[in-house]
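For reference, the structure is listed below as structure tokens.
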Amino acid sequence: MSEKVYIFDTTLRDGEQVPGCKLNATEKLELALKLEALGVDIIEAGFPVSSPGDFDSVSQIAKVIKNATVCGLSRAVQKDIEVAGQALKFAKRSRIHTGIGTSDFHIKSKFNSNREDILERAIQCVKWARNFTNDVEFYAEDAGGYCLPYQYGEKIAYLINNVPNVDKAILSCHCHNDLGLATANSIAGVISGARQIECTINGLGERAGNTALEEVVMILQSHKDLGFYTSVDAKQLNPLSREVSDIMRMPVQPNKAIVGANAFSHSSGIHQDGFLKDAQTYEIINPEVVGAGESKIVLTARSGRSALAHRFQKIGYQFNRNDIDFLYEKFLQVADRKKEVDESDLQMLAQAYTPELATN
């Protein structure tokens, strides 16, 4: 039987920390409602103590979200936690996310402290948070460092196998993408026993970004043999990706998995021919499943005859093999001058063509 993996979305908190991606209260509220509709389990709405504006945003979101848990971030500082508790007091389901740096590097360089003191602060911050909500999440910042996936999985497995009463808690993966391993590490964590992934739409986040929500959701959906599922409505992934990109003024790279403009586009002749014979030869996901519309055959100088014939058919021209052989030479002349041959170019080629020319 499949087990649920909880999706903890931090687009409104960690994603907003990207330079230039600051959101106002109205934008935050709008996206929070979209995230709830998407089916995420937890929405990290902000860092309430960081500014009056963030406090108000978290408070407003807490008042309107009904199905998801609304979460506020805090440091292991009593005032942080008290402010977070106040911001979340109207939430139907609230969570305080509190914690502290736990690696040797953070303990020495960031806090000028020692492990015993950090452990005491960790215990105390959870006790403070429990005064405001029954749902407390503790983060051990930098616990994973820059792990490889197998190392990250081993850390989670060690906790599962060695921590008393660990079955009463949900272990969570919060990975950053500095080495391009955020998604791989998160999945490795789930395979090893974690049951929550902290992620953002489009992988937005500090530095190189966070784990991309759309990637982990579709990995778990595509690899059903792993035995996991999420509550996310995959058909909303592409529309929400575009909306987040627009509101946060952060373009999505074209080759981004799942939501990039080229994720379901084919321009190589070999790929196009295989795709037209059977889409599954080059697409493991039907684009409609993730709300991306239909696949695209992009005509370039690398395209072949089957792709050209397909695109002509799309605009209403039924040419036979001889026609296409003749038109293909004309097409290549255009393709060598342009990066992409568009519909207007095809119309021009079709209208200028007469079958008599092909037989001469």
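The values are calculated or read from the model by the stated rules, or taken from the named source; none is laboratory data. The structure presented is a predicted model; accordingly, all values stated were derived computationally and were not measured. Here Cβ is always computed from backbone atoms with ideal geometry, including for glycine, and neighbour counts include all displayed protein chains.
Which is out of contact with any His (no Cβ under 8 Å at 6 or more places or on another chain) and within 30 Å of S231 (Cβ to Cβ), of R93, R121, R115?
R93
Report, ordered by the first and then the second residue, all pairs with beta carbons closer than 8 Å, sequence separation of six or more or different chains, a first member in the range 39-56 that is more than 27 Å from E214 (Cα to Cα), and a second member that is assigned to a helix (DSSP H, G or I) and of a type in the set (V, I, T).
V49/V83; F55/V49; F55/V83
Within the range 182-190, can one find any residue that is among the small types (G, A, S), at positive phi and without any contact (Cβ under 8 Å) to a residue 60 or more places away in the chain?
no
Any chance you could count how many residues in the range 227-263 are part of a helix (DSSP H, G or I), buried (at least 16 other Cβ atoms within 10 Å of the Cβ) and more than 14 Å from the chain's Cα centre (by Cα)?
1
State whether one or more residues within the range 32-49 are buried (at least 23 other Cβ atoms within 10 Å of the Cβ), of a type in the set (D, E, K, R) and closer than 29 Å to S192 by Cβ.
Yes, the range 32-49 contains a residue that is buried (at least 23 other Cβ atoms within 10 Å of the Cβ), of a type in the set (D, E, K, R) and closer than 29 Å to S192 by Cβ.
When only residues in the range 122-143 that are of a type in the set (D, E, K, R) and surrounded by fewer than 16 Cβ atoms within 10 Å (Cβ to Cβ) count, which is nearest to C71 (Cα to Cα)?
Per the criteria, the residue is R130.
Quick one: in the range 36-81, of everything that is part of a helix (DSSP H, G or I) and among the polar types (S, T, N, Q), which residue is farthest from C21 (Cα to Cα)?
Q78
Working carefully through the options E215, E198, find the one that is of a type in the set (D, E), in contact (Cβ under 8 Å) with a residue 60 or more places away in the chain and not assigned by TED's automatic domain parsing to the domain that holds T300.
E198
Give me the pairs: first residue in the range 250-266 and within 15 Å of A279 (Cα to Cα), second residue among the aliphatic types (A, V, I, L, M), beta-carbon distance under 7 Å, and six or more apart or on different chains, which are they?
Note: pairs meeting the criteria are A263/A257; A263/A292; F264/A292; S265/V298; H266/I297; H266/V298.
In this structure, is D135 touching a residue at least 40 places away in the same chain (Cβ under 8 Å) and more than 23 Å from the chain's Cα centre (by Cα)?
For D135, the condition - touching a residue at least 40 places away in the same chain (Cβ under 8 Å) and more than 23 Å from the chain's Cα centre (by Cα) - is met.
Does I156 meet the test of being modelled with pLDDT of 95 or more, of a type in the set (A, V, I, L, M) and buried (at least 21 other Cβ atoms within 10 Å of the Cβ)?
It is true that I156 is modelled with pLDDT of 95 or more, of a type in the set (A, V, I, L, M) and buried (at least 21 other Cβ atoms within 10 Å of the Cβ).
Please state which of the following conditions I107 fails to meet, knowing it meets all the rest: (1) in a helix (DSSP H, G or I); (2) in contact (Cβ under 8 Å) with a residue 60 or more places away in the chain.
(2) is the only condition that I107 fails.
Being of a type in the set (D, E) and buried (at least 18 other Cβ atoms within 10 Å of the Cβ) is the requirement here; does E215 meet it?
Yes.
Being of a type outside the set (A, V, I, L, M), at pLDDT below 95 and not assigned by TED's automatic domain parsing to the domain that holds K28 narrows it down to one of G260, G269, G291, so name that one.
Result: G269 is the single residue among G260, G269, G291 that is of a type outside the set (A, V, I, L, M), at pLDDT below 95 and not assigned by TED's automatic domain parsing to the domain that holds K28.
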